[in-house]
Amino acid sequence: MLGPLDMFAIGVGPSSSHTVGPMKAGLEFANYLNTHNLLNQVVQLKAHLYGSLALTGAGHGTFLAVINGLAGQHPKTIDPDTIYSRVDQIKASKKLILGGVHEIDFDYDLDLLIHKDQALPEHSNGMRFIALNQAQQIIYEQEYFSIGGGFILDKQQISQRKESEGLAADIVLPYPFSTAHELFDHCMQHKLSIAELVMANEMVKRSREDVRAEALEIANVMSYSVKRGLATQGILPGGLNVKRRAPQLYSKLSNQDLNLVSHQDQRLLAMTYAIAVNEENAAFSRVVTAPTNGSAGTIPGVLEYYRNFYLGVTDDKIIDFILTAGAIGNLYKYGASISAAEVGCQGEIGVACSMAAGALTAVMGGNVLQVEKAAEIAMEHCLGMTCDPIDGLVQIPCIERNGVAASKAIDIAKLALLEDEPGKVSLDAVIHTMMETGRDMSTRYKETALAGLAVNVVAC
């Protein structure tokens, strides 16, 4: 099982499932060829995209991501400014430097195949890569599936629903959990906060200092994305001509001392922080999947609000926020899904809202029952949320929806802190319900751009 910190990955926009995952898949394919001494035999490569990746890939940057991944680029380390230029060069030269080291023939129009009318049975976000030798014989072929949050599985792994990055079988955690009941029971039995429990589990694999450093890096990149988004103006790419709103909103809201703004305006600032991050995401800039790119603004928006408007915020508190949010995200990943292509936007922004509400409750002094209540309420009121982005772009309604989710999470956390009684609905029950709702949802409303706003609003 992946750890809670694995719910956050530093990468680029605009989509964790349609950009980050495909880039990682392309890179993994190239790395396999290299490590198995097959790379020098490759003269040509075919990349096939299916299902949601094919239907909304143009707007999500999937095609760009796959090619950059095959060219040896990783979402965490790629220079966002090179994403377009690298593909333009490949288009012009009809050559691709596979894995960053071996040149092959690659015709963008012929070797990147988009199957809008087909889906692989295992998951809507399916890819197939085929490496060919001089005689046009297959050297290596593999299918990959982008299952949300930037996580990928190959053909063998998805049959087991088991991530390659997961814990080794011989690692025993002091407090293992896969359900909310198990998590909260451990906390109450051993008188631990969620963050303390997560830290104890993480320290089986690495030092406390390493865990703290990773959590702070995640939080700092989130804050960087907020600040960059608040300061960057212009039109977002993709053709919808969506103007960045965050700088203007921030200017209007902060024409006074931030410590003196009203509680209502504080929440509006949290919304603005979230919008800023998702505008950065839409522009292929650096963001943190939280737990996905489509929901990348909600948790940073709430965290930045907490940093700016609460006294006594320390690195320890910020680390607790990240660890708590990650633990809640884990429950959804393993109990349901964080892929909009699988369960709709309830699995992305809904999960982010739940993570943010629970984490904020924790750092504001809430007990385990209050954290559960906050996380549960947040998802309860996101059930059934569809994913129907206009023109397949992670812009409308995605950007604004992150802002609304951030504001909602703050109000829910404050509500949870006012009550000490357990809720009538458990977090496990709402996670199960979310998954059932996702299964019942028409595929037209699950990141396919075939219904909802995607067809009822003229893109251009």
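Side notes on the structure shown:
- Inter-label distance, nm, simple model (7 Å from Cα along the C-beta direction), Val425/Asp315: 4.0
- Inter-centroid distance (Cα atoms) of segment 323-368 relative to segment 429-458, Å: 18
- For segment 15-158: rounded, prolate or oblate by the Cα gyration tensor [a/c cutoff 1.5]: rounded
- In this simple spin-label approximation, Leu110 and Ile138 carry label points 7 Å from Cα along the Cα→Cβ vector, and these lie 2.1 nm apart.
- Whole-percent P(r), segment 180-456, all Cα pairs, 5 Å bins from 0: 1, 6, 13, 17, 19, 17, 13, 8, 4, 1, 0.
- Cross-link partners of Lys116 among aspartates and glutamates (Cα-Cα below 14 Å; sequence separation of 8 or more within a chain): Glu447
- Shown for the chain are the DSSP H helices of 24 Å or more along their axis, judged by Cα atoms, with a mean Kyte-Doolittle hydropathy of at least -0.5: 208-231, 263-282, 315-335, 398-417.
- Cleavage-rule hits, GluC sites (Glu not before Pro), segment 367-460, DSSP coil, Cβ neighbours within 10 Å at most 14: Glu419
- Under 26 Å from Lys243, Cα to Cα: lysines that are on another chain or at least 8 residues apart: Lys227, Lys252, Lys408, Lys446
- Dipole size of segment 15-158 about its Cα centre, with +1 on Lys/Arg Cβ and -1 on Asp/Glu Cβ: approximately 80 debye, rounded to the nearest 20.
- Restricting the trypsin sites (Lys or Arg not before Pro) of segment 181-265 to loop positions (DSSP other than H, G, I, E, B) with no more than 12 neighbouring Cβ atoms within 10 Å leaves Lys191, Arg206.
- With a Förster radius of 45 Å applied to the beta-carbon distance between Ser254 and Ile171, the computed FRET efficiency rounds to 0.45.
- Pairwise FRET efficiency - His381 versus Glu209, Cβ, R0 = 45 Å, nearest 0.05: 0.70
- Rounded to the nearest 20, the Cβ-based charge dipole of the chain about its Cα centre (Lys and Arg +1, Asp and Glu -1) stands at 800 debye.
- For the cross-link pairs Lys191/Lys373; Lys24/Lys46; Lys205/Lys317; Lys373/Lys414; Lys24/Lys155, the ones whose C-alpha atoms lie over 20 Å apart are Lys205/Lys317.
- DSSP bridge analysis restricted to the chain gives an antiparallel fraction near 80%, rounded to the nearest 5.
- Basic side chains Lys and Arg get +1 at the Cβ, acidic Asp and Glu get -1 at the Cβ, and with that the dipole of segment 321-460 about its Cα centre reaches some 160 debye.
- With a Förster radius of 56 Å applied to the beta-carbon distance between Ser262 and Lys155, the computed FRET efficiency rounds to 0.55.
- Farthest positive-ward along the chain dipole, Cα basis, beta-carbon charges - from Met271, Asn34, Ala378: Met271
- Compared with the direct C-alpha span, the chain from Gln89 to Asn37 gains 16.1 nm at full extension, assuming 0.36 nm per residue.
- Cβ-defined net charge surrounding Val226, 10 Å radius [Lys, Arg +1; Asp, Glu -1]: +1
- Straight-distance crosslink candidates among aspartates and glutamates, where the alpha carbon sits under 17 Å from Lys94 and sequence neighbours closer than 8 are dropped: Glu103, Asp105, Asp107, Asp109, Asp111
- In sequence order, calculated HN-Hα J values of segment 236-241 (Karplus, 6.51, -1.76, 1.60; Hz; x Gly/Pro): 6, x, x, x, 7, 6
- Computed over the chain: relative contact order in percent, which uses C-alpha pairs under 8 Å that are six or more apart: 19
- With coordinates expressed along the principal axes, the C-alpha atoms belonging to segment 286-382 extend over 40, 34, 20 Å, beginning with the largest.
- Signed unit charges on C-beta, dipole axis of segment 57-180, positive-most listed residue Gln160, Ala65, Tyr175: Tyr175
- Gyration tensor (alpha-carbon) shape descriptor, segment 313-360, a/c threshold 1.5: prolate
Bear in mind that the values in this text are calculations on the coordinates, not laboratory data. Since the structure is predicted, the reported quantities are computational estimates derived from the model, not experimental observations. Please note: Cβ atoms are built from the backbone with ideal geometry, for glycine as well, and neighbour counts cover all protein chains shown.
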